[in-house]
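S.K.: Got a structure for you, written out below as structure tokens; questions coming shortly.
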Amino acid sequence: MQLDTGNRISATTLENLLDFMLKERWANPDDRLPAVMIWGPPGAGKSAIVRNAALKNNCSFIDLRLAQMEAIDIKGLPVPEADGVHWKISSAYPRDTESRGIIFLDELSACDRTIQTAAYELILDRKLGDDYRLPDNWLIVAAGNRIEDNASAVAMSSALANRFLHVELEYNAKNWIEWALKSNIHGAIAGLIRYKPQLLADTDDNNQNLERGFPTPRSWERVSLIMERSCDSMPEELFRAMVCGLVGNSAGLEAISFFNLYQEMQQVVNMMLDPSSQVHIPADIAKRYALTSALSRTVWNDSVGDESLRLAGFFRISLALPGDFAAMAMLDALEIGKKSGIDTMKLITHKDYKEWIAKHGKALKGRMA
């Protein structure tokens, strides 16, 4: 008999699942609608996806880190009164019956059985004793690491496990790039992970000191933030210390090297503003990835010249790219534009699109398959 290793879904599918569960709860409040349990390795972005689901649906978000709590924090404090013992429930729980949101039980698999047991009633019955009931329009979502992730994890009892709809967040470079394009991840990081997908995550304690920085989707997002906000104004030594401190020396040095290539290619992209400039596509594969990443972002960057020049330049450069890179630039530009609320039909209806599709249409279809 083969062991069932989990219901693996992408970040996009998880986002869609949470959207569906929220809307279903709001439309038909029903205690039979299960809570959701998200499994996955550390740094996979579980909590960020749940938080973003609340933000996207314009509802409240309460984050309870169970591994940092005691049973009394969950169930409340027993207080004797004239008519019996009443439980003083934490003010963290929502009271307004008209409110709506997600109550997120993070690190559920990292807390001991006493904490898990204390959470049973809230997860199963949406109440705590006779003194508290979770408002109808709140969805319960929990998350935790798997035992095999070399992270703090305690086996979940079957009694608790059977209360949940279980999903396992699966991430790979392709899925992560799709998310990155919608999430303002720096182009150098997106390009690097495209170029070397094995750098996305490494939680193998044979390769990494897991007490120090190591690459995960979460740590790459933090590197992206440094690149966006601070890299131009900070000394090179400090920039290196911060990047390597987040993802480790090996991945960090790769990221810095690729960031420098991206900056170099950003200058090359400037030729899109000069119709008379000669297009030169670098032979180096890493530079091509950096160029493609910079190109797809610059086409919508209003701080870089006139839009008509950017659009014309996008086609002039991408027509000179090999098919796979040209298709990558087009799909990325469409996704980035869509996320930013830009009318991406400006690309599809551009006068040079017919020539572009005649040359790269087969590669585009291949990447979309």
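The values are calculated or read from the model by the stated rules, or taken from the named source; none is laboratory data. What you see is a predicted model; the values in this text were computed from it and never measured. All Cβ positions, even for glycine, are placed from backbone atoms using ideal geometry, and neighbour counts span all protein chains on display. The accessibility values were calculated without ligands, DNA or RNA, using every heavy atom of the protein model including side chains. Shrake-Rupley method; radii C 1.70, N 1.55, O 1.52, S 1.80 Å.
S.K.: Here are some residues: SER230, SER257, SER219. Which one is among the polar types (S, T, N, Q) and within 16 Å of ALA180 (Cβ to Cβ)?
M.R.: SER219
S.K.: Looking at the stretch 6-35, I want the residues that are of a type in the set (Lys, Arg) and have a partner that is open to solvent by 70 Å² or more (accessible area, probe 1.4 Å) and not in a helix (DSSP H, G or I) with Cβ atoms under 6 Å, at least 6 apart or on another chain. Which pairs are those?
M.R.: Pairs that qualify, where the first residue is of a type in the set (Lys, Arg) and the partner is open to solvent by 70 Å² or more (accessible area, probe 1.4 Å) and not in a helix (DSSP H, G or I), are ARG8/GLU170.
S.K.: Okay, moving on. Kindly indicate the residue of the stretch 120-163 that is charged (D, E, K, R) and in contact with a Leu (Cβ under 8 Å, 6 or more places away or on another chain) and also modelled with the highest pLDDT among those meeting that condition. Don't jump to the end; show me each part of the working.
M.R.: Step one: list which residues in the stretch 120-163 are charged (D, E, K, R), which gives 121, 125-127, 130-131, 133, 136, 146, 148-149, 163.
Then keep just the ones that are in contact with a Leu (Cβ under 8 Å, 6 or more places away or on another chain); that gives 121, 126-127, 163.
Details: GLU121: 85, ARG126: 91, LYS127: 88, ARG163: 84.
It comes out as ARG126.
Condition check ((1) at pLDDT 95 or above; (2) of a type in the set (Asp, Glu); (3) surrounded by 14 or more Cβ atoms within 10 Å (Cβ to Cβ); (4) not in a helix (DSSP H, G or I)) across all residues:
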{"site": "LEU309", "(1), (2), (3), (4)": "no, no, yes, no"}
{"site": "ALA326", "(1), (2), (3), (4)": "yes, no, yes, no"}
{"site": "MET330", "(1), (2), (3), (4)": "yes, no, yes, no"}
{"site": "GLY337", "(1), (2), (3), (4)": "no, no, yes, no"}
{"site": "GLY341", "(1), (2), (3), (4)": "no, no, no, yes"}
{"site": "TRP356", "(1), (2), (3), (4)": "yes, no, yes, no"}
{"site": "HIS360", "(1), (2), (3), (4)": "yes, no, yes, no"}
{"site": "LEU364", "(1), (2), (3), (4)": "no, no, yes, no"}
{"site": "ARG367", "(1), (2), (3), (4)": "no, no, yes, no"}
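S.K.: Residues that are surrounded by 13 or more Cβ atoms within 10 Å (Cβ to Cβ): find the helices (runs of 4 or more DSSP H) completely inside the stretch 64-168 holding 2 or more of those. Don't jump to the end; show me each part of the working.
M.R.: Values: elements: 71-75, 113-125, 158-161.
Fully inside the stretch 64-168 and qualifying: 71-75, 113-125.
S.K.: Now for a separate question. Filtering the stretch 172-190 down to residues that are more than 12 Å from the chain's Cα centre (by Cα) and open to solvent by 10 Å² or more (accessible area, probe 1.4 Å), which residue is farthest from TRP220 (Cα to Cα)?
M.R.: Here the answer is LYS174.
S.K.: Check the stretch 243-254 and report whether any residue there is farther than 22 Å from THR298 by Cβ, open to solvent by 80 Å² or more (accessible area, probe 1.4 Å), in contact with a helix residue (DSSP H, G or I) (Cβ under 6 Å, 6 or more places away or on another chain) and part of a helix (DSSP H, G or I).
M.R.: no
S.K.: Residue check: is ILE74 in contact (Cβ under 8 Å) with a residue 12 or more places away in the chain, among the β-branched types (Val, Ile, Thr) and under 17 Å from VAL36 (Cα atoms)?
M.R.: No, not satisfied.
S.K.: Let me ask something additional. Taking the stretch 218-242, which residues are over 28 Å from ALA333 (Cα atoms) and surrounded by 14 or more Cβ atoms within 10 Å (Cβ to Cβ)?
M.R.: Those that are over 28 Å from ALA333 (Cα atoms) and surrounded by 14 or more Cβ atoms within 10 Å (Cβ to Cβ): MET234, PHE239, ARG240, MET242.
S.K.: On to the next question. Please tell me if ALA283 is out of contact with any strand residue (DSSP E or B) (no Cβ under 7 Å at 6 or more places or on another chain), open to solvent by 10 Å² or more (accessible area, probe 1.4 Å), modelled with pLDDT of 90 or more and among the aliphatic types (A, V, I, L, M). Reasoning before the result, please.
M.R.: On the way: out of contact with any strand residue (DSSP E or B) (no Cβ under 7 Å at 6 or more places or on another chain): yes; open to solvent by 10 Å² or more (accessible area, probe 1.4 Å): yes; modelled with pLDDT of 90 or more: yes; among the aliphatic types (A, V, I, L, M): yes.
For ALA283, the condition - out of contact with any strand residue (DSSP E or B) (no Cβ under 7 Å at 6 or more places or on another chain), open to solvent by 10 Å² or more (accessible area, probe 1.4 Å), modelled with pLDDT of 90 or more and among the aliphatic types (A, V, I, L, M) - is met.
S.K.: Kindly provide the set of residues from the stretch 255-280 that are open to solvent by 70 Å² or more (accessible area, probe 1.4 Å), in a loop (DSSP other than H, G, I, E, B) and touching a residue at least 12 places away in the same chain (Cβ under 8 Å), ordered by number.
M.R.: Passing the criteria: PRO275, HIS280.
S.K.: Quick check: is even one residue across the stretch 50-60 part of a loop (DSSP other than H, G, I, E, B), out of contact with any strand residue (DSSP E or B) (no Cβ under 8 Å at 6 or more places or on another chain) and open to solvent by 80 Å² or more (accessible area, probe 1.4 Å)?
M.R.: Among the residues of the stretch 50-60, at least one is part of a loop (DSSP other than H, G, I, E, B), out of contact with any strand residue (DSSP E or B) (no Cβ under 8 Å at 6 or more places or on another chain) and open to solvent by 80 Å² or more (accessible area, probe 1.4 Å), which makes the answer yes.
S.K.: From the residues in the stretch 285-307 that are of a type outside the set (A, V, I, L, M, F, W, C) and in a loop (DSSP other than H, G, I, E, B), which one is farthest from ASP352 (Cα to Cα)?
M.R.: SER303
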